[in-house]
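Taking it in order: structure first as structure tokens, then the write-up.
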Amino acid sequence: MTSAAPDVVAQRAVVVADAGAQTLRREPQAPGRRAARPYAGWLGVIPLLAFAAVVLGLPVAAMAAGSITTTDDAGATEFTGANFAATFDGPYLESLMGSVRLSALTAFVATVASLPLAHAIVRSRFRGLREAVLSASGVIANFGGVPLAFAFVSTLGNAGVLTGFFGLADKGWSLYTFWGMAIVYLYFLVPLMVLTLTPALDGLKPQWREAAQNNRATGFQYWRHVGFPILFPTLLSGFVLLFGSAFSAYATAAAMVGSSIPLVTVKIASALTGDVLVGQAGIALALGMDMIVVAALVMGIQLLLQRRTSRWLS
């Protein structure tokens with residue numbers, strides 16, 4: 001154990017030297033091409049920006065306007081902050097916190113569970129198995145909504161096949177609880193995280209492990225001082241991606257549990273349709289703006305972490 005510190009320094013020196021060598025091997029770009037690239041890039045992205053402004057910008061603007069205004073019986077419109085104040089009180093705050101708890105829990109469990117699965121896929125010697133698992137993960141990660149809810153209700157619901165076969169109802173099992181929803185969310189979050197982690201694990205260069213082995217580092221020491229620090233930004237990036245995916249899920253929760261579990265997406269739908277109280281559309285729009293703020297924070301964190309990861313895994 002006394003030789004662990006010099007080994008770690010040697011490992012990191014090899015990694016830094018490898019990264020520096022890659023930088024030196026890059027071919028220099030022509031000055032003219034370097035100056036012309038930014039303008040050509042902006043011209044190419046104009047159609048995308050126009051599409052995003054129409055498809056995303058206009059609905060967000062309408063949502064923002066509706067969340068800060070109110071209309072009285074005479075038809076007069078005035079600014080108000082009551083809608084946003086209502087989202088941080090009572091059942092609306094409970095639904096917001098319920099979505100945060102469910103999303104954070106499932107994202108954390110999926111992140112931890114996906115790392116060994118993705119590592120096993122990358123280390124597999126059977127290329128066909130790897131391709132099959134990745135293809136299945138891509139399909140399952142996009143399998144959601146009402147079909148996913150129906151699949152779980154028919155297998156693990158109160159009258160589900162597995163519930164009756166194993167007698168789960170007698171043991172206190174219920175799919176229509178917080179933990180039942182967590183299992184349903186994990187069904188599509190784990191494959192999504194496997195797809196996110198696999199390219200990052202492929203980017204770990206064999207030279208780094210060989211350098212660690214040459215310095216008599218164990219497998220645990222390699223992962224602790226080299227592998228995990230490089231993968232950590234990717235893990236955090238994947239976590240926030242899963243959090244955002246779970247936070248915005250609606251159809252599966254609405255089809256399975258309705259309003260029995262407080263979730264912000266279900267609460268927005270109830271407020272817009274007037275299932276409980278009429279005239280709550282402004283609060284629903286304010287809840288939508290709260291979700292946009294959370295999504296913007298998630299996207300910002302993910303972009304920063306991806307930029308940090310790309311320095312090592314590119």
From the options 111, 70, residue that is open to solvent by less than 60 Å² (accessible area, probe 1.4 Å), polar (S, T, N, Q) and in contact with an Asp or Glu (Cβ under 8 Å, 6 or more places away or on another chain): 70
If we keep just the residues of segment 230-267 that are without any contact (Cβ under 8 Å) to a residue 40 or more places away in the chain and more than 24 Å from residue 108 (Cα to Cα), which is surrounded by the fewest Cβ atoms within 10 Å (Cβ to Cβ)? 258
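Residue by residue, here is whether (1) among the aliphatic types (A, V, I, L, M); (2) within 25 Å of residue 257 (Cα to Cα) holds:
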residue: 181; (1), (2): yes, yes
residue: 190; (1), (2): yes, yes
residue: 196; (1), (2): no, no
residue: 203; (1), (2): no, no
residue: 217; (1), (2): yes, no
Taking the conditions exactly as written (within 19 Å of the chain's Cα centre (by Cα), of a type in the set (A, V, I, L, M) and within 13 Å of residue 252 (Cα to Cα)), does residue 183 satisfy them or not? yes
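For segment 83-96, which residues satisfy the criterion of being in contact (Cβ under 8 Å) with a residue 40 or more places away in the chain and open to solvent by 60 Å² or more (accessible area, probe 1.4 Å)?
First, pick out the residues of segment 83-96 that are in contact (Cβ under 8 Å) with a residue 40 or more places away in the chain: 83-84, 86-87, 91-92, 94-96.
Listed by number, the residues that qualify are 91, 94.
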Residues that are closer than 26 Å to residue 234 by Cβ and β-branched (Val, Ile, Thr): list the helices (runs of 4 or more DSSP H) wholly contained in segment 82-160 that include at least 1 such residues. 90-123, 127-141
Selection count where residues are crowded, with 16+ Cβ neighbours inside 10 Å and either over 20 Å from the mean Cα position of the chain (by Cα) or under 16 Å from residue 249 (Cα atoms) (or both), scope segment 135-150: 5
Using beta carbons and a limit of 7 Å, which pairs, at least six apart or on different chains, have the first residue in segment 107-132 and under 22 Å from residue 242 (Cα atoms) and the second one open to solvent by 40 Å² or more (accessible area, probe 1.4 Å) and among the aliphatic types (A, V, I, L, M)? 109/186; 110/186; 121/133
Determine which member of the set 48, 43 is open to solvent by 60 Å² or more (accessible area, probe 1.4 Å), closer than 29 Å to residue 236 by Cβ and either of a type in the set (D, E, K, R) or at pLDDT below 90 (or both). 48
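Any idea how many residues of segment 97-108 are surrounded by fewer than 22 Cβ atoms within 10 Å (Cβ to Cβ) and not basic (Lys, Arg)?
The first filter runs over segment 97-108 and keeps only residues surrounded by fewer than 22 Cβ atoms within 10 Å (Cβ to Cβ), leaving 97-98, 100-101, 104-105, 108.
Keeping just the survivors that are not basic (Lys, Arg) gives 97-98, 100, 104-105, 108.
Counting residues in segment 97-108 that are surrounded by fewer than 22 Cβ atoms within 10 Å (Cβ to Cβ) and not basic (Lys, Arg) gives 6.
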The condition from (1) open to solvent by 60 Å² or more (accessible area, probe 1.4 Å); (2) modelled with pLDDT of 85 or more; (3) among the basic types (Lys, Arg) that residue 130 misses is numbered (1)
For segment 167-212, the count of residues that are open to solvent by 50 Å² or more (accessible area, probe 1.4 Å) and outside any loop (DSSP other than H, G, I, E, B) equals 14
Inside segment 199-229, the number of residues satisfying the requirement of being farther than 30 Å from residue 102 by Cβ, hydrophobic (A, V, I, L, M, F, W, C) and touching a residue at least 12 places away in the same chain (Cβ under 8 Å) is 6
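The values are calculated or read from the model by the stated rules, or taken from the named source; none is laboratory data. Predicted, not measured: the structure shown is a model, and the values here were computed from it. Cβ sites come from the backbone with ideal geometry, for glycine too, and all protein chains shown count toward neighbours. The protein model used for the area step is the full one, side chains on, heavy atoms only, and it has no ligands, DNA or RNA in it. Shrake-Rupley method; radii C 1.70, N 1.55, O 1.52, S 1.80 Å.
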